[in-house]
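Here the structure comes first, spelled out in C-alpha coordinates, and everything after it is commentary.
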Amino acid sequence: MKYWEEDRECMDREDLEQLQLERLQSTIYRVSTHVPFYRNRFKEINLDPDGFRSLGELSSLPFTFKDDLRQNYPYGLFAVPLRDIVRIHSSSGTTGMATVVGYTRNDIKIWSNLVARVLTAAGVTKDDVIQIAFGYGLFTGGFGLHYGAERIGASVIPISSGNTKRQIQIMQDFKTTALVCTPSYALMIADTMLDMGINVSGLSLKYGLFGAEPWSEAMRTEINNKLNIRATDNYGLSEVMGPGVAGECLECKGLHISEDHFLVEVINPNTLEPVQPGEVGELVITTLTKEAFPVIRYRTRDLTRLIIEPCACGRTSYRMTRILGRTDDMLIIKGVNVFPTQIENVLFEIEGTEPHYRIVVERENHQDKATVLVEVIESIFFDEMKKQRQLVDRIKKRLASELGVSVDVKLVEERTLERFEGKGERVIDKRQL
Ligand code: DLL
(Lines give C-alpha, C1' and ligand atoms only; values in the text may rest on other atoms or scores of the structure.)
Protein backbone atom coordinates (compact mmCIF):
# COMPACT_ATOMS: atom_id res chain seq x y z
CA MET A 1 0.00 0.00 0.00
CA LYS A 2 1.37 3.35 -1.02
CA TYR A 3 -0.71 5.76 1.05
CA TRP A 4 -2.53 5.44 4.33
CA GLU A 5 -5.18 8.11 3.65
CA GLU A 6 -4.85 8.86 -0.04
CA ASP A 7 -7.71 11.36 -0.17
CA ARG A 8 -5.93 13.48 2.40
CA GLU A 9 -2.30 12.86 1.55
CA CYS A 10 -2.82 13.60 -2.14
CA MET A 11 -5.39 16.35 -1.68
CA ASP A 12 -5.69 19.16 -4.16
CA ARG A 13 -3.85 22.08 -2.56
CA GLU A 14 -6.73 24.50 -2.96
CA ASP A 15 -9.05 22.12 -1.13
CA LEU A 16 -6.37 21.58 1.47
CA GLU A 17 -6.10 25.30 2.13
CA GLN A 18 -9.85 25.60 2.50
CA LEU A 19 -9.81 22.73 5.00
CA GLN A 20 -6.91 24.34 6.86
CA LEU A 21 -8.79 27.63 7.12
CA GLU A 22 -11.92 25.98 8.48
CA ARG A 23 -9.94 23.98 10.98
CA LEU A 24 -7.90 27.00 12.01
CA GLN A 25 -11.06 29.00 12.61
CA SER A 26 -12.45 26.32 14.87
CA THR A 27 -9.11 25.99 16.69
CA ILE A 28 -9.04 29.73 17.34
CA TYR A 29 -12.59 29.54 18.62
CA ARG A 30 -11.72 26.54 20.82
CA VAL A 31 -8.70 28.15 22.45
CA SER A 32 -10.33 31.53 22.94
CA THR A 33 -13.29 29.86 24.63
CA HIS A 34 -11.53 27.25 26.72
CA VAL A 35 -7.98 28.40 27.40
CA PRO A 36 -7.68 31.59 29.49
CA PHE A 37 -4.04 31.96 28.41
CA TYR A 38 -5.06 32.38 24.76
CA ARG A 39 -8.17 34.39 25.58
CA ASN A 40 -5.98 36.91 27.40
CA ARG A 41 -3.33 36.95 24.69
CA PHE A 42 -5.96 37.62 22.05
CA LYS A 43 -7.49 40.35 24.17
CA GLU A 44 -4.11 42.03 24.68
CA ILE A 45 -3.64 42.37 20.93
CA ASN A 46 -7.30 43.15 20.20
CA LEU A 47 -7.75 40.06 18.13
CA ASP A 48 -11.32 39.13 17.39
CA PRO A 49 -11.48 35.31 17.43
CA ASP A 50 -14.53 35.39 15.16
CA GLY A 51 -12.97 37.73 12.67
CA PHE A 52 -10.42 35.38 11.16
CA ARG A 53 -11.11 35.10 7.44
CA SER A 54 -8.03 33.89 5.57
CA LEU A 55 -4.81 31.94 6.07
CA GLY A 56 -2.99 35.12 5.08
CA GLU A 57 -3.98 36.55 8.48
CA LEU A 58 -2.01 33.89 10.31
CA SER A 59 0.74 36.34 11.20
CA SER A 60 -1.75 38.36 13.25
CA LEU A 61 -1.91 35.52 15.77
CA PRO A 62 0.50 35.50 18.72
CA PHE A 63 3.31 32.96 19.06
CA THR A 64 3.38 30.28 21.74
CA PHE A 65 6.71 29.45 23.41
CA LYS A 66 7.95 26.49 25.39
CA ASP A 67 8.12 28.82 28.34
CA ASP A 68 4.36 29.47 28.08
CA LEU A 69 3.88 25.73 28.56
CA ARG A 70 6.14 25.71 31.58
CA GLN A 71 4.41 28.68 33.14
CA ASN A 72 1.09 26.93 32.78
CA TYR A 73 2.37 23.68 34.26
CA PRO A 74 0.78 21.19 34.47
CA TYR A 75 -2.69 21.58 32.94
CA GLY A 76 -3.11 25.32 32.35
CA LEU A 77 -3.16 25.11 28.55
CA PHE A 78 -5.53 22.16 28.28
CA ALA A 79 -8.65 23.04 26.31
CA VAL A 80 -10.81 20.25 27.75
CA PRO A 81 -11.57 19.18 31.33
CA LEU A 82 -9.34 16.49 32.78
CA ARG A 83 -12.14 13.94 32.63
CA ASP A 84 -11.93 14.06 28.83
CA ILE A 85 -8.19 13.42 28.84
CA VAL A 86 -7.22 9.80 28.23
CA ARG A 87 -3.43 10.20 28.06
CA ILE A 88 -0.78 12.48 29.46
CA HIS A 89 2.80 12.77 28.21
CA SER A 90 5.60 14.99 29.39
CA SER A 91 8.93 16.04 27.95
CA SER A 92 12.07 14.65 29.60
CA GLY A 93 10.31 14.39 32.95
CA THR A 94 12.74 16.74 34.59
CA THR A 95 11.34 18.74 37.45
CA GLY A 96 10.86 22.41 36.85
CA MET A 97 11.62 22.12 33.15
CA ALA A 98 8.88 19.67 32.31
CA THR A 99 6.13 20.42 29.87
CA VAL A 100 2.92 18.44 30.05
CA VAL A 101 0.62 17.57 27.17
CA GLY A 102 -2.73 15.79 27.13
CA TYR A 103 -4.82 13.88 24.59
CA THR A 104 -8.53 13.15 24.26
CA ARG A 105 -9.68 9.83 22.83
CA ASN A 106 -10.11 11.54 19.48
CA ASP A 107 -6.61 13.05 19.67
CA ILE A 108 -5.19 9.55 20.17
CA LYS A 109 -7.18 8.31 17.19
CA ILE A 110 -5.81 11.07 14.97
CA TRP A 111 -2.30 10.61 16.34
CA SER A 112 -2.43 6.89 15.50
CA ASN A 113 -3.60 7.70 11.99
CA LEU A 114 -0.87 10.24 11.42
CA VAL A 115 1.81 7.84 12.60
CA ALA A 116 0.20 5.22 10.36
CA ARG A 117 0.76 7.64 7.45
CA VAL A 118 4.43 7.98 8.38
CA LEU A 119 4.88 4.21 8.62
CA THR A 120 3.09 3.59 5.33
CA ALA A 121 5.10 6.26 3.53
CA ALA A 122 8.28 4.57 4.79
CA GLY A 123 7.24 1.27 3.23
CA VAL A 124 5.73 -0.50 6.25
CA THR A 125 2.50 -2.52 5.89
CA LYS A 126 0.37 -4.80 8.02
CA ASP A 127 2.59 -7.69 7.00
CA ASP A 128 5.55 -6.20 8.83
CA VAL A 129 6.93 -7.08 12.24
CA ILE A 130 7.87 -3.81 13.91
CA GLN A 131 10.36 -3.62 16.74
CA ILE A 132 9.80 -0.42 18.66
CA ALA A 133 13.03 0.42 20.43
CA PHE A 134 11.96 3.90 21.55
CA GLY A 135 11.41 4.37 25.26
CA TYR A 136 7.84 3.75 26.43
CA GLY A 137 6.73 6.16 29.11
CA LEU A 138 6.25 9.88 29.35
CA PHE A 139 8.31 10.29 26.15
CA THR A 140 5.97 10.28 23.14
CA GLY A 141 8.22 8.09 20.96
CA GLY A 142 7.34 4.59 22.20
CA PHE A 143 3.58 4.93 22.55
CA GLY A 144 3.22 7.18 19.51
CA LEU A 145 4.86 4.73 17.13
CA HIS A 146 3.19 1.80 18.86
CA TYR A 147 -0.36 3.03 18.30
CA GLY A 148 0.39 3.90 14.67
CA ALA A 149 1.89 0.48 14.03
CA GLU A 150 -1.12 -1.26 15.57
CA ARG A 151 -3.38 0.98 13.52
CA ILE A 152 -1.95 -0.35 10.28
CA GLY A 153 -2.28 -3.86 11.63
CA ALA A 154 1.41 -4.70 11.77
CA SER A 155 2.78 -7.06 14.42
CA VAL A 156 4.24 -4.84 17.09
CA ILE A 157 7.10 -5.78 19.41
CA PRO A 158 7.02 -3.18 22.21
CA ILE A 159 10.56 -3.87 23.37
CA SER A 160 11.37 -0.25 24.38
CA SER A 161 14.94 1.03 24.33
CA GLY A 162 18.05 -0.52 25.84
CA ASN A 163 19.43 -4.01 26.36
CA THR A 164 21.01 -4.13 22.93
CA LYS A 165 21.92 -7.82 22.88
CA ARG A 166 18.35 -8.72 23.69
CA GLN A 167 17.16 -6.41 20.91
CA ILE A 168 19.35 -8.33 18.51
CA GLN A 169 18.22 -11.72 19.80
CA ILE A 170 14.57 -10.72 19.41
CA MET A 171 15.25 -9.25 16.00
CA GLN A 172 16.62 -12.61 14.92
CA ASP A 173 14.08 -14.86 16.64
CA PHE A 174 10.93 -12.82 15.94
CA LYS A 175 12.00 -12.02 12.38
CA THR A 176 11.66 -8.26 12.78
CA THR A 177 11.21 -6.49 9.44
CA ALA A 178 11.12 -2.87 10.61
CA LEU A 179 13.20 -1.21 13.31
CA VAL A 180 11.94 1.95 14.99
CA CYS A 181 14.27 3.98 17.24
CA THR A 182 16.68 6.91 17.26
CA PRO A 183 19.25 6.85 14.46
CA SER A 184 22.10 6.66 16.96
CA TYR A 185 20.58 3.64 18.63
CA ALA A 186 20.18 1.97 15.24
CA LEU A 187 23.90 2.40 14.67
CA MET A 188 24.69 1.04 18.08
CA ILE A 189 22.58 -2.04 17.36
CA ALA A 190 24.38 -2.44 14.03
CA ASP A 191 27.82 -2.17 15.62
CA THR A 192 26.95 -4.56 18.42
CA MET A 193 25.83 -7.03 15.78
CA LEU A 194 29.16 -6.70 14.02
CA ASP A 195 31.00 -7.26 17.33
CA MET A 196 28.91 -10.36 17.94
CA GLY A 197 29.83 -11.66 14.50
CA ILE A 198 26.22 -11.67 13.31
CA ASN A 199 25.71 -11.57 9.57
CA VAL A 200 22.97 -9.07 8.78
CA SER A 201 22.03 -10.91 5.62
CA GLY A 202 20.53 -13.56 7.90
CA LEU A 203 18.07 -11.03 9.34
CA SER A 204 14.59 -10.23 8.02
CA LEU A 205 15.06 -6.49 8.48
CA LYS A 206 13.92 -4.30 5.58
CA TYR A 207 13.03 -0.88 6.97
CA GLY A 208 14.24 1.52 9.62
CA LEU A 209 12.20 4.48 10.82
CA PHE A 210 14.33 6.87 12.77
CA GLY A 211 13.72 10.18 14.48
CA ALA A 212 13.64 12.17 17.74
CA GLU A 213 17.15 13.54 17.21
CA PRO A 214 19.15 15.19 14.46
CA TRP A 215 21.07 13.01 12.02
CA SER A 216 22.67 13.38 8.63
CA GLU A 217 22.62 11.91 5.16
CA ALA A 218 26.02 10.34 5.86
CA MET A 219 24.59 8.63 8.88
CA ARG A 220 21.68 7.33 6.84
CA THR A 221 24.07 5.79 4.33
CA GLU A 222 26.02 4.15 7.12
CA ILE A 223 22.89 2.70 8.73
CA ASN A 224 21.54 1.51 5.40
CA ASN A 225 24.80 -0.24 4.58
CA LYS A 226 25.37 -1.75 7.98
CA LEU A 227 21.83 -3.05 8.47
CA ASN A 228 20.97 -3.55 4.82
CA ILE A 229 17.71 -1.60 5.17
CA ARG A 230 15.97 1.48 3.83
CA ALA A 231 16.12 4.10 6.53
CA THR A 232 13.71 7.04 6.66
CA ASP A 233 13.52 10.10 8.87
CA ASN A 234 10.44 11.09 10.84
CA TYR A 235 9.85 14.19 12.93
CA GLY A 236 7.60 15.39 15.68
CA LEU A 237 7.58 17.04 19.07
CA SER A 238 5.49 16.44 22.15
CA GLU A 239 4.21 20.01 22.39
CA VAL A 240 2.48 19.57 19.07
CA MET A 241 1.60 15.86 19.30
CA GLY A 242 4.71 13.66 19.28
CA PRO A 243 5.95 11.60 16.32
CA GLY A 244 3.71 11.72 13.24
CA VAL A 245 4.00 15.40 12.37
CA ALA A 246 6.15 14.68 9.31
CA GLY A 247 7.91 11.73 7.74
CA GLU A 248 9.81 10.75 4.64
CA CYS A 249 8.49 8.59 1.85
CA LEU A 250 10.85 6.17 0.16
CA GLU A 251 12.03 8.92 -2.22
CA CYS A 252 13.92 10.18 0.86
CA LYS A 253 13.86 13.77 -0.31
CA GLY A 254 12.31 15.59 2.60
CA LEU A 255 9.66 14.85 5.19
CA HIS A 256 6.00 15.10 4.18
CA ILE A 257 4.12 17.27 6.63
CA SER A 258 0.56 16.29 7.56
CA GLU A 259 -0.70 19.71 6.64
CA ASP A 260 -4.35 18.88 7.11
CA HIS A 261 -3.53 18.66 10.83
CA PHE A 262 -0.62 21.08 11.19
CA LEU A 263 -0.26 24.50 9.69
CA VAL A 264 3.43 25.24 9.27
CA GLU A 265 5.38 28.42 8.79
CA VAL A 266 9.12 28.87 8.44
CA ILE A 267 10.23 32.20 9.86
CA ASN A 268 13.39 34.17 10.35
CA PRO A 269 13.85 33.84 14.12
CA ASN A 270 15.23 37.38 14.36
CA THR A 271 12.84 39.38 12.21
CA LEU A 272 9.94 36.93 12.77
CA GLU A 273 9.04 37.39 9.11
CA PRO A 274 8.40 34.34 6.93
CA VAL A 275 11.41 33.29 4.85
CA GLN A 276 11.07 32.42 1.17
CA PRO A 277 10.24 28.77 0.49
CA GLY A 278 13.55 26.92 0.28
CA GLU A 279 15.31 29.21 2.74
CA VAL A 280 16.39 28.07 6.18
CA GLY A 281 14.33 29.30 9.11
CA GLU A 282 12.57 28.27 12.29
CA LEU A 283 9.62 25.95 12.00
CA VAL A 284 6.45 27.31 13.60
CA ILE A 285 3.47 25.00 13.95
CA THR A 286 -0.22 25.59 14.62
CA THR A 287 -2.29 22.52 15.37
CA LEU A 288 -5.54 22.27 13.42
CA THR A 289 -7.35 19.34 14.98
CA LYS A 290 -6.00 18.86 18.48
CA GLU A 291 -8.79 18.89 21.06
CA ALA A 292 -6.99 18.60 24.38
CA PHE A 293 -3.85 20.56 23.68
CA PRO A 294 -4.13 22.92 20.73
CA VAL A 295 -1.20 25.25 20.16
CA ILE A 296 -1.14 28.45 18.15
CA ARG A 297 2.05 29.31 16.24
CA TYR A 298 4.31 27.20 18.41
CA ARG A 299 7.96 28.22 18.10
CA THR A 300 9.68 24.83 17.72
CA ARG A 301 13.22 26.31 17.65
CA ASP A 302 13.97 23.69 14.99
CA LEU A 303 15.64 24.93 11.83
CA THR A 304 14.56 23.56 8.48
CA ARG A 305 13.65 24.49 4.89
CA LEU A 306 10.27 24.10 3.28
CA ILE A 307 10.07 22.24 -0.04
CA ILE A 308 6.96 23.24 -1.92
CA GLU A 309 7.67 21.42 -5.16
CA PRO A 310 5.58 18.27 -5.65
CA CYS A 311 7.14 14.94 -4.72
CA ALA A 312 7.46 12.02 -7.13
CA CYS A 313 5.51 9.83 -4.68
CA GLY A 314 2.27 11.66 -5.48
CA ARG A 315 1.66 13.22 -2.07
CA THR A 316 0.77 16.88 -2.44
CA SER A 317 1.89 18.05 0.99
CA TYR A 318 4.78 20.41 1.44
CA ARG A 319 7.90 18.75 2.72
CA MET A 320 10.57 19.92 5.14
CA THR A 321 14.23 19.06 4.92
CA ARG A 322 15.79 17.15 7.76
CA ILE A 323 16.23 19.32 10.86
CA LEU A 324 19.40 21.34 10.37
CA GLY A 325 19.84 22.58 13.93
CA ARG A 326 18.15 24.55 16.67
CA THR A 327 17.92 28.22 17.47
CA ASP A 328 18.32 27.76 21.21
CA ASP A 329 20.90 26.04 23.34
CA MET A 330 18.87 22.91 23.86
CA LEU A 331 21.00 19.83 23.42
CA ILE A 332 19.65 16.45 22.51
CA ILE A 333 21.67 13.78 24.28
CA LYS A 334 20.63 10.21 23.57
CA GLY A 335 17.26 11.56 22.50
CA VAL A 336 16.72 13.46 25.76
CA ASN A 337 16.32 17.23 25.62
CA VAL A 338 18.85 18.93 27.88
CA PHE A 339 19.36 22.62 28.59
CA PRO A 340 22.73 23.82 29.92
CA THR A 341 20.85 25.80 32.57
CA GLN A 342 19.62 22.54 34.10
CA ILE A 343 23.24 21.54 34.62
CA GLU A 344 24.08 24.95 35.97
CA ASN A 345 21.27 24.72 38.54
CA VAL A 346 22.60 21.41 39.87
CA LEU A 347 26.15 22.73 40.12
CA PHE A 348 24.95 25.75 42.02
CA GLU A 349 23.52 23.45 44.67
CA ILE A 350 26.72 21.51 45.22
CA GLU A 351 29.19 22.95 47.66
CA GLY A 352 32.76 23.32 46.50
CA THR A 353 31.96 23.67 42.81
CA GLU A 354 32.43 26.94 41.00
CA PRO A 355 29.78 28.21 38.59
CA HIS A 356 32.18 27.58 35.73
CA TYR A 357 31.58 24.54 33.65
CA ARG A 358 31.71 23.23 30.13
CA ILE A 359 29.60 20.52 28.51
CA VAL A 360 31.46 18.42 25.99
CA VAL A 361 29.31 16.22 23.79
CA GLU A 362 30.89 13.57 21.60
CA ARG A 363 29.90 10.54 19.63
CA GLU A 364 31.51 7.31 20.77
CA ASN A 365 30.52 4.18 18.88
CA HIS A 366 27.66 6.23 17.45
CA GLN A 367 26.31 6.92 20.93
CA ASP A 368 26.16 10.37 22.45
CA LYS A 369 28.55 10.85 25.33
CA ALA A 370 28.36 14.00 27.41
CA THR A 371 31.00 15.09 29.89
CA VAL A 372 30.56 18.00 32.24
CA LEU A 373 33.82 19.68 33.19
CA VAL A 374 33.38 21.41 36.53
CA GLU A 375 35.75 23.80 38.21
CA VAL A 376 36.18 23.05 41.89
CA ILE A 377 37.79 25.08 44.65
CA GLU A 378 41.46 24.46 45.29
CA SER A 379 41.03 22.54 48.53
CA ILE A 380 38.86 19.99 46.77
CA PHE A 381 41.02 19.72 43.70
CA PHE A 382 44.01 18.81 45.83
CA ASP A 383 41.93 16.61 48.13
CA GLU A 384 42.48 12.90 48.39
CA MET A 385 41.28 10.78 45.49
CA LYS A 386 38.59 9.08 47.53
CA LYS A 387 36.89 12.35 48.43
CA GLN A 388 37.11 13.56 44.86
CA ARG A 389 35.51 10.39 43.61
CA GLN A 390 32.68 10.76 46.09
CA LEU A 391 32.05 14.29 44.90
CA VAL A 392 32.04 13.20 41.26
CA ASP A 393 29.55 10.46 42.08
CA ARG A 394 27.31 12.89 43.92
CA ILE A 395 27.28 15.35 41.03
CA LYS A 396 26.66 12.56 38.54
CA LYS A 397 23.70 11.24 40.50
CA ARG A 398 22.13 14.67 40.87
CA LEU A 399 22.65 15.43 37.19
CA ALA A 400 21.19 12.08 36.11
CA SER A 401 18.05 12.66 38.13
CA GLU A 402 17.70 16.26 36.98
CA LEU A 403 18.37 15.59 33.30
CA GLY A 404 16.90 12.14 32.82
CA VAL A 405 20.08 10.99 31.10
CA SER A 406 23.45 10.09 32.55
CA VAL A 407 26.51 12.23 31.88
CA ASP A 408 30.15 11.95 32.89
CA VAL A 409 31.69 14.45 35.26
CA LYS A 410 35.31 15.60 35.40
CA LEU A 411 36.66 17.97 38.03
CA VAL A 412 39.07 20.61 36.83
CA GLU A 413 41.20 23.10 38.71
CA GLU A 414 39.95 26.59 39.46
CA ARG A 415 40.37 29.14 36.67
CA THR A 416 41.27 26.59 34.02
CA LEU A 417 38.14 27.00 31.91
CA GLU A 418 38.10 29.91 29.52
CA ARG A 419 36.01 32.91 30.65
CA PHE A 420 33.79 34.93 28.37
CA GLU A 421 33.27 38.61 28.10
CA GLY A 422 30.06 38.39 26.17
CA LYS A 423 27.64 35.55 25.75
CA GLY A 424 29.20 32.36 27.07
CA GLU A 425 29.68 29.27 24.95
CA ARG A 426 29.32 26.55 27.50
CA VAL A 427 28.70 23.73 25.10
CA ILE A 428 31.36 22.06 22.99
CA ASP A 429 29.51 19.81 20.62
CA LYS A 430 32.03 17.61 18.83
CA ARG A 431 29.43 15.30 17.32
CA GLN A 432 29.90 14.72 13.66
CA LEU A 433 26.57 13.39 12.60
O1 DLL B 1 11.25 13.50 20.02
C2 DLL B 1 8.98 13.09 19.25
C3 DLL B 1 9.47 12.00 18.35
C4 DLL B 1 9.57 10.72 18.82
C5 DLL B 1 9.76 12.27 17.01
C6 DLL B 1 9.97 9.70 17.97
C7 DLL B 1 10.15 11.26 16.16
C8 DLL B 1 10.25 9.97 16.63
P9 DLL B 1 10.33 15.53 22.03
O10 DLL B 1 10.97 14.62 23.02
O11 DLL B 1 9.33 16.52 22.51
O12 DLL B 1 9.53 14.69 20.96
O13 DLL B 1 11.51 16.26 21.27
C14 DLL B 1 11.22 17.13 20.20
O15 DLL B 1 13.32 16.55 19.13
O16 DLL B 1 11.89 19.78 18.64
C17 DLL B 1 13.55 18.31 17.58
O18 DLL B 1 14.50 19.23 18.10
C19 DLL B 1 13.97 16.89 17.92
N20 DLL B 1 13.56 15.96 16.85
C21 DLL B 1 12.49 15.18 16.79
N22 DLL B 1 12.49 14.45 15.64
C23 DLL B 1 13.60 14.82 14.96
C24 DLL B 1 14.17 14.45 13.70
C25 DLL B 1 10.06 13.74 20.10
N26 DLL B 1 13.62 13.55 12.89
C27 DLL B 1 12.51 17.65 19.57
N28 DLL B 1 15.33 15.08 13.34
C29 DLL B 1 12.24 18.45 18.34
C30 DLL B 1 15.90 16.00 14.13
C31 DLL B 1 14.28 15.79 15.73
N32 DLL B 1 15.42 16.37 15.31
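The values are calculated or read from the model by the stated rules, or taken from the named source; none is laboratory data. None of the values given here were measured: they were computed from a predicted structure. Don't worry about glycine lacking a Cβ; one is built from the backbone with ideal geometry, like all the others, and counts go over all protein chains shown. We work out accessible area using only protein heavy atoms, side chains counted, and drop any ligands, DNA or RNA first. Shrake-Rupley method; radii C 1.70, N 1.55, O 1.52, S 1.80 Å.
Points worth noting:
- With protein chains left intact and a 1.4 Å probe, residues in segment 103-326 average 35 Å² of accessible area per residue.
- On the principal axes of its alpha carbon atoms, segment 1-145 extends 53, 45, 25 Å, with the longest extent given first.
- Taking 10 °C and 1.306 mPa s as conditions, segment 231-278 diffuses translationally at an estimated 131 µm²/s according to Stokes-Einstein applied to its Kirkwood radius (Cα pairs).
- Computed about the Cα centre, the dipole magnitude for the chain is approximately 1020 debye when only Lys and Arg (+1) and Asp and Glu (-1) carry charge, each at its Cβ.
- With a cut-off of 14 Å between beta carbons, the residues surrounding E362 carry a summed charge of +3, where Lys and Arg count +1 and Asp and Glu -1.
- Dipole check for segment 110-200: with +1 at the C-beta of Lys and Arg, -1 at the C-beta of Asp and Glu, and the Cα centre as origin, the magnitude is about 180 Debye.
- Relative frequency of Cα-Cα separations exceeding 22 Å in segment 131-247, percent: 26 percent
- Taken over segment 331-432, the convex hull of the Cα atoms encloses 104 Å³ per residue.
- Neighbourhood charge, 10 Å Cβ-Cβ cut-off, centred on P310 and excluding it, Lys, Arg +1 and Asp, Glu -1: +2
- Beta bridges by DSSP in the chain, antiparallel share as percent, to the nearest 5: 60 percent
- Within the same chain, aspartates and glutamates fewer than 8 places from K175 are excluded, and of the rest, those with a Cα less than 15 Å from its Cα are D127, D128.
- Percent accessible area from carbon and sulfur atoms, segment 251-348, protein chains only, probe 1.4 Å: 51 percent
- Computed over the chain, relative contact order equals 14 percent, with contacts defined as Cα pairs under 8 Å that lie 6+ residues apart.
- Label reach from L194 (point 7 Å along Cα→C-beta): in segment 224-244, amide nitrogens under 11 Å belong to 225-227.
- Within segment 343-433, antiparallel bridges make up roughly 50 percent of the DSSP beta bridges whose residues both belong there.
- Within the accessible area of segment 367-433 (1.4 Å probe), percent carbon and sulfur: 48 percent
- Within segment 308-325: backbone nitrogen closer than 18 Å to the L19 label point (7 Å, Cα to C-beta): 310-311, 313-320
- For segment 331-432, size of Cβ-based charge dipole, Lys and Arg +1, Asp and Glu -1, in debye: 420 debye
- Which of G278, V129, M241, positive extreme of dipole for the chain (C-beta unit charges): V129
- Nearest-0.05 FRET efficiency for Q388 and N106, computed from C-beta distance (R0 45 Å): 0.20
- In segment 3-75, trypsin sites (Lys or Arg not before Pro) in a DSSP loop with at most 10 other beta-carbon atoms within 10 Å: R53
- Accessible surface area normalised per residue over segment 331-432 is 57 Å², counting heavy atoms of protein chains with a 1.4 Å rolling probe.
- Between L306, V412, T177, the Cα set farthest toward the positive side of the dipole of the chain (charges on each charged residue's Cβ, about the Cα centre) is that of T177.
- Antiparallel bridges, percent of DSSP beta bridges restricted to segment 103-326 (to nearest 5): 60 percent
- Here the translational diffusion coefficient of the chain follows from Stokes-Einstein with Rh set to the Kirkwood radius across Cα pairs; for 10 °C and 1.306 mPa s it amounts to 69 µm²/s.
- The Rg/Rh ratio for segment 103-326 is 0.97, where Rg is the radius of gyration of the alpha carbons and Rh is the Kirkwood radius.
- Inter-site label distance for H34 and Q367 at 7 Å from Cα along Cβ, in nm: 4.3 nm
- Binned Cα-Cα distances of segment 1-77, short to long, each 5 Å bin given as a whole percent: 3, 13, 20, 19, 15, 12, 10, 7, 2, 0
- Of K2/K334; K109/K206; K2/K290; K206/K226; K109/K290; K334/K430, those spanning more than 20 Å from alpha-carbon to alpha-carbon: K2/K334; K109/K206; K2/K290
- Once the Kirkwood radius over Cα pairs is known for segment 74-140, the Stokes-Einstein relation at 4 °C and 1.567 mPa s delivers a diffusion coefficient of 93 µm²/s.
- Area of Y73 that stays accessible when all protein chains are in place (1.4 Å probe, Å², to 10): 140 Å²
- Qualifying GluC sites (Glu not before Pro) for segment 299-401 [loop in DSSP, other Cβ within 10 Å: at most 15]: E351, E384
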